[in-house]
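The values are calculated or read from the model by the stated rules, or taken from the named source; none is laboratory data. Note that the structure is a prediction, hence the values are computed from the model and not measured. Using ideal geometry, Cβ is built from the backbone for each residue, glycine included, and neighbour counts are taken over all protein chains shown.
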Amino acid sequence: MSAFGRRNGMGGGAAGGRPAFGVARPMQGPGPAPRPSDPMPTGGDQFPPLGSVPLPGAGAPDPMELRDPSAGNAANTDALQRLADRQAASGEAGNSRVEGFEASIHRIKEQVLPRLLERVDPEAAATLSKDELAEEFRPIIGEVLAELKLTLNRREQFALEKVLVDELLGLGPLEELLSDPAISDIMVNGPEQTFIERKGKLELANIQFRDEEHLFQIAQRICNSVGRRVDQTTPLADARLKDGSRVNVIVPPLSLKGTAISIRKFSAKPITLDMMANGGSMSQKMATALKIAGASRFNIVISGGTGSGKTTMLNALSKMIDPGERVLTIEDAAELRLQQPHWLPLETRPPNLEGQGEISIRDLVKNALRMRPDRIILGEIRGSECFDMLAAMNTGHDGSMCTLHSNSPREALARMENMVMMSDIKVPKEAISRQIADSVDLIIQVKRLRDGSRRVTNVTEVIGMEGPVIVTQELFKFEYLDESADGKIIGEYRSMGLRPYTLDKAKQYGFDQAMLEACL
């Protein structure tokens, strides 16, 4: 006898083994052993198929029980196949090699440029516009082409002129990407690889730099235009372009593939809350509530991940600021573009080579309090300046706004607590939480979904404190429903039907009824 009260060797299998655990046996007497060609047994009369017998008190059988198992197997097989395809995907097509017509123009430019520079005064050329420079270059380029015994048609000559002007006055190969309004991000990973984001999806750009030195010169040109520097001693730099696009540069030895440039472009036409609602980024009721929040001077925190649209949302909310208010914006690299007449942008300053002269966001926030602002807007808070921002919100600067990185409204509150506690300010956690609860009125969560769309996923009110916990209530929420055949996410913007806690603040500006109707 075994320890389980069964004689060894009486398992009933062909090899005398023990039957598999959990296999139900029919209550009828044993029949002949099934052959492989026979259908699977159904379990005898005592155990009919589950789908054929309705449960007591139930009408129709559960559709989950009647579902064809082959459908689930097909979906599972499809998912596993997609995983296998992704694992087997080759990374060899990672170089943005220029082909065809562009390649020929690139080769001719390499021959023409040195001879052209010998005949041009760089200082005089820098004073001309691109169109004027192209007019001056046209006869000189003709002479150089004659010397090199190269014959170009009209299309090739215009393309060569543009490339040479971009090389001398612009940003070289980047000019073509910067002029394309459909491109929102440009990511240069060394001289041979450039990616762009178009409609929320990354793709390889068909441009290439001459070599690492060429790319490094363009990076220096970007930084020098805004008084920043980038070299081996200061290999990191934040800058901006003339159109307000944000630029980050990182050079070797920190970047192992060569100089890396990341450019975040902004729409030339200011985006409004109505445009975002019509584009599906939020519902019309959400847009109405956010308009009232901006006009009624709510203290707003915009939370989201990288590239989720925090700055765009801040620019759109700023349209609701009264033109008579004095607005100060404080950023590391100025990218906010407010439409108000009384707007003063402030920008931080990095330390010099001796490590001195740095002006941080916190310094600017302290100074801004002495500049008689009606609202203070921070481009992004990352550290101890969070405490000064909360103090500004709580000391008469209603309507102040800021952005920060986090994945949810609740996480945004935790991050604000952590940022204050990481600074040199010795304040108990309970006092920090109370300061946040008293200062912040609204948290707007924005996300970039996997289909590339940017949506407002949560609009959350900060109500107050209950013990050591900050109490919030959700006014609006985006709920995921399904995904279309072409990969687009289908969802629904839902109002939670709650009475806004900030209704009294909206009432001071006459928007209480509109706010209530939007939220219910």
**Request:** Can you tell me which residue within region 391-438, out of those that are hydroxyl-bearing (Ser, Thr, Tyr) and modelled with pLDDT of 90 or more, is nearest to Ala293 (Cα to Cα)?
**Result:** Ser400
**Item:** Subset of region 115-135 that is part of a helix (DSSP H, G or I) and more than 41 Å from the chain's Cα centre (by Cα) - its residue that is nearest to Glu161 (Cα to Cα)
**Value:** Glu135
**Request:** Please report, ordered by residue number, the helices (runs of 4 or more DSSP H) entirely within region 221-321 with at least 1 residues that are over 25 Å from Arg382 (Cβ atoms).
**Result:** 273-278, 284-295
**Message:** Are there helices (runs of 4 or more DSSP H) fully within region 361-469 with at least 1 residues that are within 20 Å of the chain's Cα centre (by Cα) and surrounded by fewer than 20 Cβ atoms within 10 Å (Cβ to Cβ)? List them.
**Reply:** 409-422
**Request:** Being in a loop (DSSP other than H, G, I, E, B), in contact with an Asp or Glu (Cβ under 9 Å, 6 or more places away or on another chain) and either among the β-branched types (Val, Ile, Thr) or closer than 10 Å to Lys265 by Cα (or both) is the filter here, so list the residues in region 175-211 that pass it.
**Result:** Ile207
**Request:** Determine which single condition Gln356 fails, assuming it passes every other condition in (1) surrounded by fewer than 18 Cβ atoms within 10 Å (Cβ to Cβ); (2) among the polar types (S, T, N, Q); (3) closer than 26 Å to Thr460 by Cα.
**Result:** (3)
**Request:** Take Ile330 and decide whether it is touching a helix residue (DSSP H, G or I) at 6+ places or on another chain (Cβ under 6 Å), within 26 Å of Glu517 (Cβ to Cβ), touching a residue at least 40 places away in the same chain (Cβ under 8 Å) and assigned to a strand (DSSP E or B).
**Result:** no
**Message:** What's the number of the only condition in (1) farther than 22 Å from Arg454 by Cα; (2) without any contact (Cβ under 8 Å) to a residue 12 or more places away in the chain; (3) in contact with a Phe, Trp or Tyr (Cβ under 9 Å, 6 or more places away or on another chain) that Glu203 fails to meet?
**Reply:** (1)
**Item:** Some residue of region 333-351 being in a loop (DSSP other than H, G, I, E, B), touching a Leu at 6+ places or on another chain (Cβ under 8 Å) and under 25 Å from Tyr509 (Cα atoms)
**Value:** no
**region 264-310, subset among the hydrophobic types (A, V, I, L, M, F, W, C) and modelled with pLDDT under 90, residue farthest from the chain's Cα centre (by Cα)** = Ala268
**Message:** Going by what's in this entry, would Tyr480 be described as surrounded by fewer than 20 Cβ atoms within 10 Å (Cβ to Cβ), more than 21 Å from the chain's Cα centre (by Cα) and at pLDDT 90 or above?
**Reply:** no
**Asked** Considering Phe266, Phe298, which residue is over 30 Å from Glu212 (Cα atoms) and buried (at least 19 other Cβ atoms within 10 Å of the Cβ)?
**Response** Phe298
**Asked** What pairs can you find where one residue is in region 237-261 and free of Cβ contacts under 8 Å to residues at least 60 places away in the same chain and more than 13 Å from Ala219 (Cβ to Cβ), the other is among the small types (Gly, Ala, Ser) and part of a strand (DSSP E or B), and their Cβ atoms are less than 6 Å apart, with a gap of 6+ or different chains?
**Response** none
**Asked** Would you call Leu169 within 27 Å of Leu113 (Cα to Cα) and at pLDDT 90 or above?
**Response** no
**Single residue of Leu254, Leu204 found to be more than 25 Å from Glu331 (Cβ to Cβ), at pLDDT 90 or above and surrounded by fewer than 17 Cβ atoms within 10 Å (Cβ to Cβ)** = Leu204
**Message:** I'm told Pro500 meets every condition in (1) exposed (fewer than 15 other Cβ atoms within 10 Å of the Cβ); (2) outside any strand (DSSP E or B) except one. Can you identify the failing condition by its number?
**Reply:** (1)
